[in-house]
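Quick notes on the structure that follows.
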Amino acid sequence: MPYVQRDRHGRIASLFREPRPEAVEYLAGDDHEVRVFLGGEPTQDGFERLDAGFVRVLEDLVDLMLERHLLILTDLPAPAQEKWLARKRLRQLTDSTPLPLPDTGFADIIDDTAFGKL
């Protein structure tokens, strides 16, 4: 598809749809060099970083579905339940956001109106 113009080092400098005097070499659109020129090929490391972020999105989605009763955890196969629960526990241990404190009812016991303005 693209006709390429190369720099003095032999790397692709420009792509054209039609041949030109400076660009007569034709390469397929999925050629490795063309893909690198157009933004690089994704590396395994890049996919792993994206996958890790996407897993977090999926966890949030499952949490939301469970919370809204659109999904019941036991609907999932046992291995999926185990993985979800393990990730949930690990996430609670490593998450930088503080976990909400449980409602103990303690605030209902204390009547601070007697203290006046502090």
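The values are calculated or read from the model by the stated rules, or taken from the named source; none is laboratory data. The structure presented is a predicted model; accordingly, all values stated were derived computationally and were not measured. Heads up, the Cβs are rebuilt from the backbone with ideal geometry, glycines too, and the neighbour counts pull from every protein chain shown.
Name, by its number, the condition in (1) modelled with pLDDT of 85 or more; (2) in a helix (DSSP H, G or I); (3) exposed (fewer than 10 other Cβ atoms within 10 Å of the Cβ) that does not hold for Ala107.
(1)
With the requirement that a residue be within 20 Å of Leu90 (Cβ to Cβ) and basic (Lys, Arg), what does region 50-74 give you?
The one that is within 20 Å of Leu90 (Cβ to Cβ) and basic (Lys, Arg): Arg56.
Quick check: is even one residue across region 29-42 surrounded by 10 or more Cβ atoms within 10 Å (Cβ to Cβ), in contact with a Leu (Cβ under 6 Å, 6 or more places away or on another chain), modelled with pLDDT of 80 or more and not basic (Lys, Arg)?
Yes, region 29-42 contains a residue that is surrounded by 10 or more Cβ atoms within 10 Å (Cβ to Cβ), in contact with a Leu (Cβ under 6 Å, 6 or more places away or on another chain), modelled with pLDDT of 80 or more and not basic (Lys, Arg).
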